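Written out below as structure tokens is the structure these notes cover.
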């Protein structure tokens, strides 16, 4: 039975907490949140509550895993704290707000001989897993163009409004766009070149519109992300133009439009994609968050490196988000 300490139970942390509770071989040993009363509100019988991570680590000497889901600017300090205690740790994305901070976290994990993983959940979502295999086996030929989109209303609901403080969240490039950039890098590698356009407006609210264009030979891949000062619902979708088909995902339905043939719907649960074709990770749930936490747990408890979310790609994506020109080669 793996014992978990959940650190941060706001929006994302609360979902992680429920995922841990669904795993038959996991016990949530403790919940820690600095917001007064929040951990107590979320806790079930037998789950210890804390407002200070040092107190939690001192009181729970037999925990196996730590899950960090706190505001982004705290990721380095709290991840390194858990790792320095010799605890396997997973941290929400973005791993950090700079390449240097991200590297420091991975270095601390190495120094203490423990497993560390960044929670880049899109890699574990079924439509994106299906697309990855279609691209890698060139089922429909080479990719010519691709566009990924991730938009929402401006997140005015965050604790102490930390998400709208760019020093704390990194804004759209680090908090939202990083999902699609990470996925693109995981499938295609580092781009030959990259251009970005960002426009912000803070009058009577806040809008942050950001587009990244990545060139891979003749293939052009764009990632559009934005927080908009309106009540629009969250959406995430993609369009991939291959030599022999167009692949569309509208956030609910995945459809393939083969050249010269009728459209083919692909269920999001991959029932139309043979399980053996999804290489590298076995997906058993429709919940990408459950999948990523299960994968991390298995890696940590079996002494395996979490190669599905490798350090070199995580750090490369941080450099791209920063706009560094000295991009690391794979």
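The values are calculated or read from the model by the stated rules, or taken from the named source; none is laboratory data. Computed from a predicted structure; not experimentally measured. Quick reminder, even Gly has a Cβ in these numbers, built from the backbone with ideal geometry, and neighbours come from all protein chains shown.
The single condition from (1) free of Cβ contacts under 8 Å to residues at least 24 places away in the same chain; (2) assigned by TED's automatic domain parsing to the domain that holds residue 238 that residue 107 fails is (2). From the list 40, 27, the one residue that fits, being over 11 Å from residue 69 (Cα atoms) and in a strand (DSSP E or B), is 27.
Where residues in region 35-53 are surrounded by fewer than 20 Cβ atoms within 10 Å (Cβ to Cβ) and in contact (Cβ under 8 Å) with a residue 24 or more places away in the chain, which of them is nearest to residue 298 (Cα to Cα)?
The selected residue is 42.
Against the numbered list (1) assigned to a loop (DSSP other than H, G, I, E, B); (2) touching a residue at least 40 places away in the same chain (Cβ under 8 Å); (3) touching a helix residue (DSSP H, G or I) at 6+ places or on another chain (Cβ under 9 Å), residue 179 comes up short only at (1). Taking the criterion of being at pLDDT 95 or above and in a loop (DSSP other than H, G, I, E, B), the residues of region 139-157 that qualify are 140, 142.
Mind telling me which of the residues 187, 156, 172 ends up being under 23 Å from the mean Cα position of the chain (by Cα), within 24 Å of residue 256 (Cβ to Cβ) and in the same structural domain as residue 257 (by TED's automatic domain parsing)?
Values: 156 fails: within 24 Å of residue 256 (Cβ to Cβ); 172 fails: within 24 Å of residue 256 (Cβ to Cβ).
Testing whether each residue is under 23 Å from the mean Cα position of the chain (by Cα), within 24 Å of residue 256 (Cβ to Cβ) and in the same structural domain as residue 257 (by TED's automatic domain parsing) leaves just 187.
Looking for whichever is free of Cβ contacts under 8 Å to residues at least 40 places away in the same chain, over 17 Å from the mean Cα position of the chain (by Cα), surrounded by fewer than 17 Cβ atoms within 10 Å (Cβ to Cβ) and assigned to a strand (DSSP E or B) here; the options are 211, 200. Which one fits? Only one candidate qualifies: 200. The set of residues in region 229-243 that are surrounded by 15 or more Cβ atoms within 10 Å (Cβ to Cβ) and at pLDDT 95 or above comprises 236, 237, 238, 239, 240, 241, 242. Residues in region 127-138 that are assigned to a helix (DSSP H, G or I) and either out of contact with any helix residue (DSSP H, G or I) (no Cβ under 9 Å at 6 or more places or on another chain) or not assigned by TED's automatic domain parsing to the domain that holds residue 242 (or both): 127 alone.
Could you list all residues from region 76-100 that are part of a helix (DSSP H, G or I) and without any contact (Cβ under 8 Å) to a residue 40 or more places away in the chain? Even if it seems obvious, please write down each step before you answer.
So in region 76-100, the residues part of a helix (DSSP H, G or I) come out as 76-84, 99-100.
The answer is 76, 77, 79, 80, 81, 83, 84, 100.
If you go through region 43-64 and keep only what is in a helix (DSSP H, G or I) and either farther than 17 Å from residue 79 by Cα or out of contact with any strand residue (DSSP E or B) (no Cβ under 9 Å at 6 or more places or on another chain) (or both), you end up with 54, 58, 59.
Only one entry of 190, 117 meets the criterion of being touching a helix residue (DSSP H, G or I) at 6+ places or on another chain (Cβ under 7 Å), buried (at least 22 other Cβ atoms within 10 Å of the Cβ) and either assigned to a helix (DSSP H, G or I) or touching a residue at least 40 places away in the same chain (Cβ under 8 Å) (or both), and that entry is 117.
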